[in-house]
Amino acid sequence: MTSRWSSTGALCVAVTLVLCWTTAPLWSSQSAAAQAGDPAAALFKAADAVRVAGRTDEAISKYQRIMAEYPSSPWAARSALETARSMVGQGKWEPAMRQMEIVRLGFKGTPEAEQALERNTILHRLRLRQGQPVYRFARTAVDGRALLRRVINVDMDSKGRVYVATRQSSVVLNESGGIVSQEPTNDLRGLAMHGDVPIWFYERGTREGTNALVSIAISDQNRQREPDIQAGAVVSGEAMLIADRRTKAVHRVSMSGGYQSRLALVDAARIAVGPLGEAAAIERETGALLLIAPDGKTRPIPAAGPGYMFRGPIDVAFDPLGHLYVLERDSVVIFAPTGEFLSVFAPGSAAGAFRTAAAFHVDAAGRLYVYDEDAERLQVFQ
């Protein structure tokens, strides 16, 4: 039996999803010169705009037109990946896997082929490992004894470097767990990646990479005030979300720190943003999980459903296909982009078992990086 998110049920925990924000489309990473005069790029841009507007079938049709009319173009490979991601969002994961296999075989040696393999690995793990654990312990990424304590967030860049935000410091480690940099701090509240650049969230503002701290002012009852940031996330190349404790709301600000708007009255402790701009947040005082529609209306995810029961969500994350992962102290609950409950990963007493998880990260291939507070280790499951 499957379970889907519902607005009904007496017992609910709140995870917040913000759907259909304008995100930085894939074409934005290409130079204007490269796009100029390229009909495939122009059509891809139009397809992305339609997808962002929520017209998924129309977007898929435009992506497929690119694939048919410009089969050797890199935009065809990107269109196939976006078609597959859109199909997963509609619950059509089997044709999505076939679509990505075409990209993997037809565009060998390209970044798109690598992405196709990573995303098919996610779907194989979540959909086809029937009767087997959805994850297995792979290795200890970082043994953080005396280094990683009071961890808030974990993230990674495309080179495999691990970024960790703790209450006392910001830490960057290489693939082998060696320290690249460590900076003491007193008011660090969160971490999110903007491409390969970390955005560090502090009580009163943000810092991009090693740049200076940028102060943020929140609009509250027609006046500007300093925030008390509890968590943050990057929505796109142009915007961030911050959870402000004083206004008990999630606000949208520009990457330069300029205030844009109040998104929702949710007093969030953790926030994550999905590949299409959807966001998930855990309510600070209740541990609740909410869904927030584009118009700001919220509805709760039930605390229990066939196959799962929340006992106290700790952190949230998305994979590149939009699956939602909810971390609890000793387990991870996974939902499809459609809201369908998929699996609970609870290692129990198996190798790599965690009992006091504090933060985690889901990488491009869906691997879990879980920080265990008691063991003071960052462990990898795949």
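Bear in mind that the values in this text are calculations on the coordinates, not laboratory data. As the structure is a prediction and not an experimental result, all values here were calculated from the model. Note: ideal-geometry Cβ built from the backbone for every residue, glycine included; neighbour counts use all protein chains shown.
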Among Ala317, Ala364, Val154, the residue whose Cα sits farthest towards the positive end of the charge dipole of the chain (+1 at Cβ of Lys and Arg, -1 at Cβ of Asp and Glu, taken about the Cα centre) is Ala317
Taking Lys297, Lys92 and counting other beta carbon atoms within 10 angstrom, the fewest-first order is Lys297, Lys92
GNM of the chain, Cα pairs under 10 angstrom: of His194, His361, His323, the biggest fluctuation goes to His194
In nm, the gap between the two label points placed 7 Å beyond Cα toward Cβ at Ala53 and His194 is 2.9 nm
Answer in debye to the nearest 20: the dipole magnitude of the chain about its Cα centre, from +1 Lys/Arg and -1 Asp/Glu charges placed on Cβ, is 440 debye
For Ser215, placing the label point 7 angstrom along Cα-to-beta-carbon and taking the stretch 187-204, residues whose amide nitrogen sits under 17 Å are 187, 202-204
Check: C-alpha center the stretch 246-303 vs C-alpha center the stretch 94-141, spacing in Å is 30 Å
Karplus ³J(HN,Hα) for the stretch 68-83 (6.51 cos²θ - 1.76 cosθ + 1.60, θ = phi - 60°; Hz, whole; x = Gly/Pro) runs 7, 8, 9, x, 9, 6, x, 5, 5, 5, 5, 5, 5, 5, 5, 4
Dividing the alpha-carbon radius of gyration of the stretch 211-270 by 2.2 N^0.38 Å, where N counts its residues, gives 1.01
For Lys45, counting only lysines whose alpha-carbon sits under 18 Å away and dropping same-chain residues fewer than eight positions off, the answer is Lys62
In cubic angstrom per residue, the convex hull of the chain built on its Cα atoms measures 144 Å³
Here the tail fraction of P(r) beyond 21 Å, over all Cα-Cα pairs of the stretch 234-338, rounds in percent to 33 percent
For Lys297, counting only lysines whose alpha-carbon sits under 24 Å away and dropping same-chain residues fewer than eight positions off, the answer is Lys248
Comparing Pro133, Pro275, Pro227 in a Gaussian network model of the chain (Cα, 10 Å), the one with the largest mean-square fluctuation is Pro133
Cα-only Rg/Rh for the stretch 23-128 with Kirkwood Rh rounds to 0.96
Connecting every pair of Cα atoms under 10 Å apart in the chain and solving the GNM, the largest mean-square fluctuation among Gly54, Gly348, Gly131 falls on Gly131
Residue span Gln382 to Thr286: 0.36 nm per residue of separation minus Cα-Cα distance leaves a gain in nm of 31.5 nm
Interchain or sequence-distant (5+) residues whose placed amide H lies within less than 5 Å of the amide H of Leu191 are Phe201, Gly232
Per the rule of 0.36 nm per residue minus the C-alpha distance, extending Glu183 to Lys248 adds in nm 20.5 nm
When the charge dipole of the stretch 215-336 is computed with +1 at the Cβ of Lys and Arg and -1 at the Cβ of Asp and Glu, the Cα pointing farthest to the positive end, of Ile271, Ser254, Asn222, is that of Asn222
Per residue, the convex hull enclosing the Cα atoms of the stretch 112-233 spans a volume in Å³ of 170 Å³
Taking GluC sites (Glu not before Pro) as exposed when in a DSSP loop with at most 11 other Cβ atoms inside 10 Å, the chain has its longest clean stretch at 1-174
